[in-house]
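Heads up: the structure comes next, in structure tokens.
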Amino acid sequence: MGVQPDYVEYMMGHTISTYHDVRMKGIEYLRGVYIASGLSIKPKTRVSKLDALKEIIRAWGLNPEEILTRDALTRSNITVTDHSQIENNQLSQLTVALRQQMAKEIHETQNEKSMNSRLGQSSPGEIRTLVKGSRGPYA
């Protein structure tokens, strides 16, 4: 990660080693190297595990704040000594809720498939009519 020191020196206008001809590569190549390196003045924003899990839960159709509120109301007398303890508790509660939702959807999908396979085997309301000349030999 980063940019080779000779490229940096060349872009700053400094004299570089004659063994490494940077000018031959061209300015567009060097711009591409700088863009690919991801250099930035601002620090990169990083999404925490808790925020990422909340987004996943929203994508599954659940409300993470409601889940966390419900948990906080059921455990009202809790002493917290560290912020990481709160975050770990929230992560575990949201993980359990996500697992339950996934299991519920998998169970529903399996039930639908089994119902469809049962219906496909035979139709209880099927009526067959004879067509002229299609009688069996013993009819």
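Since every read-out is calculated from the coordinates, none of them should be taken as a lab result. Being a predicted model, the structure only gives us computed values, none of them experimental. Using ideal geometry, Cβ is built from the backbone for each residue, glycine included, and neighbour counts are taken over all protein chains shown.
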Which loop-located trypsin sites (Lys or Arg not before Pro) does region 1-60 contain, where loop means any DSSP state but H, G, I, E or B and the Cβ has at most 11 other Cβ atoms within 10 Å? 44, 46
Find the relative contact order for region 49-118 and round it to a whole percent, using C-alpha pairs within less than 8 Å whose residues are 6+ positions apart. 41 percent
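Grab the Cα-Cα distance for residue 51 and residue 80, subtract it from 0.36 nm times how many residues apart they are, and report the gain in nm with one decimal. The partial results should precede the final answer.
Numbers: separation 29, 0.36 × 29 = 10.44 nm, distance 2.05 nm.
Answer, rounded to one decimal: 8.4 nm.
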Could you name the aspartates and glutamates in cross-link range of residue 113, using Cα to Cα under 16 Å and dropping any fewer than eight places away on the same chain? 105
Shape call, region 1-119: gyration tensor on alpha carbons, a/c limit 1.5: oblate
Report the dimensions of region 49-118 along its three principal axes from the alpha-carbon atoms, largest first, rounded to Å. 56, 24, 15
